[in-house]
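The values are calculated or read from the model by the stated rules, or taken from the named source; none is laboratory data. Not measured: the values here are computed from a predicted model. Cβ coordinates were reconstructed from backbone atoms using ideal geometry, including for glycine residues, and neighbour counts include every protein chain displayed. Ligands, DNA and RNA are excluded from the accessible area calculation, which covers all protein heavy atoms including side chains. Shrake-Rupley method; radii C 1.70, N 1.55, O 1.52, S 1.80 Å.
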Amino acid sequence: MEHLFSPYKLKSLDLKNRVVMPPMCQYSVTNKDGIANDWHYLHYTSRAIGGAGLVIVEMTDVEPDGRISDYDLGLWSDDQIPALARIVEAIHRHGAKAAIQIAHAGRKAEDAETPVAPSAIPFDENSKTPRALTTEEVKQMVEKFRVAVRRAVKAGFDAIELHGAHGYLIHQFHSPLTNRRTDEYGKDLTKFGQEVILAAKSEMPEDMPLIMRISAREYVTGGYGIEESIAFSKAYQAAGVDMFHVSAGGEGPIAAEGRPGTHVAYQVPLARQIKEALQVPVIAVGRLDEPALANAVIGNEDADLVAVGRGMLRNPYWALEAATVLQKEIAIPAQYQNGFPRKSR
């Protein structure tokens, strides 16, 4: 039976365990130039030292106005490659693999003078009203994703994740709540996402996996549910997605009648349904900080990998601690071995 510390392989991505550090924005690019700095280097390297199998670098944007804030990472310039390559090298040196999440915030770009989106619909009454992209601008946006992926590959990442969740641009295109277009990108709500996937794949080595993060359920009035997300995920899978990172929500203010659960693992059933419907590997996420629970997600075949977000923000060495609790073998850095029982060395 597989468990949290079983190895896992997807195409060329060969992981020592099933523990994933998910992308979590740090809002720490103090120079506002999109270039990773010492904070990012230490942040990601420490999680590799701490035993994670896969470290996914936070939402990294394809253009300056695609950032949530001006303090976000970017890959719209070759000048941003070296700092990320340094992070990748350190992650590899400490035994983990590295992925990066490529994205555009769309209407949720808070610091853009005028955000862009599929349609001119603001996120809420306190948000800026975005400008609807022209058809030609949508095609140009696909190219911006393409060259950002090219730069990520050049930086040495082992996998690419496209952000199609949490109300950001790809999500905005496949949600009928935010895409009211009458052109080709409105007639087929998955067209933009499919074109971004095909563009990304054209820049990636054939054996490099493409991950896509999705919101499998919207928690707003009239929002889509699991059946709709299964349908659009099938279109994305056909376009080239190898694994789905299954989250939920983020596209609008949460409706009282659609409020998500607050219990641990409330999103795991969504991941399992995507996995079973598409026969595709998935990453589960959402309040999976307890080692026994994370282990059960793997053992029960609910998901193939488990993302531990807030747990790793609290403790960079979460994976080492979890292996100790579960009495599983894990390589402990020599410098830290006195702090852990022999079973986990």
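Within the stretch 269-308, the residues that satisfy the criterion of being open to solvent by 10 Å² or more (accessible area, probe 1.4 Å), assigned to a helix (DSSP H, G or I) and hydrophobic (A, V, I, L, M, F, W, C) are Leu270, Ala277, Leu278, Ala292, Leu293, Ala296.
One line per residue, one yes/no per condition, for (1) in contact (Cβ under 8 Å) with a residue 40 or more places away in the chain; (2) of a type in the set (A, V, I, L, M, F, W, C):
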| position | (1), (2) |
| --- | --- |
| Ala231 | no, yes |
| Val241 | yes, yes |
| Gly250 | yes, no |
| Gln267 | yes, no |
| Ala294 | yes, yes |
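Touching a helix residue (DSSP H, G or I) at 6+ places or on another chain (Cβ under 7 Å) and of a type outside the set (Ser, Thr, Tyr): is that true of Leu305 in this structure? No: the conditions fail for Leu305. Assessment of the stretch 25-39 against the conditions (on the phi > 0 side of the Ramachandran plot and among the small types (Gly, Ala, Ser)) yields at least one matching residue.
Can you tell me which residue is nearest to Leu210 (Cα to Cα) among those in the stretch 24-46 that are open to solvent by 20 Å² or more (accessible area, probe 1.4 Å) and of a type in the set (A, V, I, L, M)? The residue in question is Met24.
Per-residue answers, yes or no, for (1) of a type outside the set (Gly, Ala, Ser); (2) crowded, with 16+ Cβ neighbours inside 10 Å:
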residue: Val142; (1), (2): yes, yes
residue: His174; (1), (2): yes, yes
residue: Thr190; (1), (2): yes, yes
residue: Gly193; (1), (2): no, yes
residue: Gly223; (1), (2): no, yes
residue: Glu228; (1), (2): yes, yes
residue: Ala231; (1), (2): no, no
residue: Ala238; (1), (2): no, no
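Per the listing Ile68, Ile49, Ile81, the residue uniquely β-branched (Val, Ile, Thr), open to solvent by less than 50 Å² (accessible area, probe 1.4 Å) and under 30 Å from Glu251 (Cβ atoms) is Ile68. Screening the stretch 205-219 for residues that are touching a residue at least 40 places away in the same chain (Cβ under 8 Å) and farther than 20 Å from Val285 by Cα and picking the one that is least open to solvent (accessible area, probe 1.4 Å) gives Met208.
The one condition from (1) open to solvent by 10 Å² or more (accessible area, probe 1.4 Å); (2) under 19 Å from the mean Cα position of the chain (by Cα) that Gly186 does not meet is (2). Checking each residue in the stretch 309-319 for being surrounded by 22 or more Cβ atoms within 10 Å (Cβ to Cβ) and not aliphatic (A, V, I, L, M) picks out only Trp318.
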